[in-house]
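These notes are about the structure you will find just below.
The values are calculated or read from the model by the stated rules, or taken from the named source; none is laboratory data. Only a predicted model underlies this, so the values are computations on that prediction, with no experimental measurement involved. Note that we place each Cβ from the backbone using ideal geometry, even for glycine, and neighbour counts take in every protein chain shown. Please note that ligands, DNA and RNA were not included when accessible areas were found on the heavy atoms of the full protein model with its side chains. Shrake-Rupley method; radii C 1.70, N 1.55, O 1.52, S 1.80 Å.
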Amino acid sequence: MLIHFHVNGKACAVDAAPDEKLLDTLREKLQITSVKRGCENGDCGACTVLLDGRPVASCIFLTVKARNHSIQTIEAFGEPGHLHPLQEKFRAHGAFQCGFCAPGVTLSAISLLNQNPTPTEEEVRRAISGNLCRCSGYVQIVEAIMDYVEERRAAREEL
Amino acid sequence: MKNSDFSYIGKRLPRQDAELQLTGTCRYGDDYFPPNLLIAKARYSDYPHAKLLGVDVSEAEAMPGVAAVITCRDVPYNRFGGG
């Protein structure tokens, strides 16, 4: 089945089986390995992508359901040498150790911040609750996001 | 000697691999696709607590695209499991 969708702003057409998961399409057919294969159960969030701006677990999302939708992976927001300001915060706070969950956590956080630029810590924690991190204990991840939120708030108030 | 006399001690240092991890460009074992890569799949018993009387892999071996079916007999040293 030929499926058309947009990935990071680019029109894509892939031949996908009816039971093919979006994770497999992205990793194996489009070579986007920033989308991580973790639990394959929709539990860990390593495979998170944004579908029309909302986070979904691509390991339990059928590729055919992405037809005519817009998908964003972490490549849409930053690349080596040109990090997203939130990625800069993660780096400054030493938020990750192995980094396997980092693309997914970042996408969940970006989705939240697009809907709500001034979330509380509670709202941040809820937004990334679908992304398991087995290294960090989440403290530095949440601190980095809150630092970003506060910095943006201060910048807006200065205007 | 003060901390400021050192190059690293007492200073915040960005992690060298953070940028690769954050941008998804860091390659983990699962991210390598060498030529002629084969995919392995484990087949477990249908019964959680049972005596293994025999393993017949002929059907699996006959499946199209199957390169090999490996059982304990292919592993020379089997301290646990036997064969």
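Things worth noting here:
- With a 10 Å cut-off around each Cβ of B:9-18, the average count of Cβ atoms from other chains is 3.
- For A:VAL7, the residues 5 or more places off, or on other chains, whose built amide H falls under 5 Å of its own are A:CYS12, A:ILE71.
- Estimated FRET transfer efficiency (B:ILE39, A:GLU79; beta-carbon r; R0 22 Å; 0.05): 0.15
- Of every Cα-Cα pair in chain B, the percent that sits beyond 20 Å: 66
- Modelled this way, with points 7 Å down the Cα-to-C-beta line, the labels at A:ARG54 and B:PHE6 are 5.0 nm from one another.
- The stretch A:96-159-the stretch A:21-40 distance, computed between alpha-carbon centres (Å): 23
- Between 0 and 90°, nearest 10: helix A:139-158 axis offset from chain A longest Cα axis: 70
- Placing R0 at 45 angstrom, the Cβ-Cβ distance between B:VAL55 and A:LYS10 gives a FRET efficiency of 0.40 after rounding to 0.05.
- Ignoring lysines fewer than eight residues from B:LYS11 along the same chain, the ones with Cα atoms less than 27 angstrom from its Cα are A:LYS89, B:LYS2.
- Restriction of the chymotrypsin sites (Phe, Trp or Tyr not before Pro) in the stretch B:6-54 to DSSP coil positions whose beta-carbon has at most 10 other beta-carbons within 10 angstrom yields B:PHE6, B:TYR8, B:TYR32, B:TYR44.
- Per-residue HN-Hα couplings for the stretch A:110-119 [Karplus 6.51, -1.76, 1.60; θ = phi - 60°; Hz; x = Gly/Pro]: 5, 4, 4, 5, 5, 7, 9, x, 10, x
- Chain B - mean residue ellipticity at 222 nm from DSSP helices (-39,500 (n - 2.57) per run, n ≥ 4, rounded to 500): -2500 deg cm²/dmol
- Placed amide H near A:LYS36: partners under 5 Å, 5+ positions off or other chain: A:CYS47, A:THR48
- Think of each Lys and Arg Cβ as +1 and each Asp and Glu Cβ as -1; about the Cα centre, that makes the dipole of the protein assembly as shown roughly 300 debye.
- Derived scalar couplings between HN and Hα for the stretch A:68-81 equal 6, 9, 10, 10, 10, 10, 4, 4, 6, 10, x, 9, x, x Hz in order, rounded to whole Hz, by the Karplus curve 6.51 cos²θ - 1.76 cosθ + 1.60 (θ = phi - 60°), x for Gly and Pro.
- Mean separation of Cα pairs under 8 Å and 6 or more residues apart, divided by the residue count, gives the stretch A:85-158 a relative contact order of 47 percent.
- Under conditions of 37 °C and 0.692 mPa s, chain A yields 204 µm² s⁻¹ as its translational diffusion coefficient, taking Rh as the Kirkwood radius over Cα pairs in the Stokes-Einstein equation.
- Rolling a 1.4 Å probe over the protein heavy atoms gives the protein assembly as shown an accessible area of 64 Å² per residue.
- Relative contact order for chain A, counting Cα pairs under 8 Å that sit 6 or more residues apart, in percent: 23
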